[in-house]
Amino acid sequence: MVATASSLKPSANCQTCQQKSWAEIVTPLAAGLALGWLASLAIGRAISALLYNTAPTDPIVALATISLFLIAAATATILPCRRAASIDPMEALRAE
């Protein structure tokens with residue numbers, strides 16, 4: 001049995017899976033965002049001549065970039081988790 005988009009419904013296992021996934025993804029994501037932000041501040045002055053109509057420390061651009069990375073991380077975490085939690089383990093093993 002192949003899981004389709006209509007059969008992917010959240011369950012109790014999915015909630016547990018999402019909580020574990022968030023716990024595992026938040027720390028590296030926060031560290032990466034913090035290091036990336038610091039690196040962008042350091043490199044921003046060097047490339048400020050190449051930036052068109054934007055300051056190296058523009059808060060709107062920084063927030064937009066951070067939001068994009070958060071959305072990508074949430075999507076990469078939740079969608080596979082929901083799919084894995086919706087499939088019966090015995091069905092998956094039988095299909096193999």
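The values are calculated or read from the model by the stated rules, or taken from the named source; none is laboratory data. Owing to the predicted nature of the structure, the values given are computational and were not obtained by experimental measurement. Quick reminder, even Gly has a Cβ in these numbers, built from the backbone with ideal geometry, and neighbours come from all protein chains shown.
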Worksheet item: Would you pick out the residues in the stretch 31-84 that are in a loop (DSSP other than H, G, I, E, B) and among the small types (G, A, S)?
Response: A46, S48, A49, A55
Item to complete: Hey, could you check the stretch 55-79 for residues that are surrounded by 12 or more Cβ atoms within 10 Å (Cβ to Cβ) and more than 19 Å from T27 (Cβ to Cβ) and say which is modelled with the highest pLDDT?
Response: T65
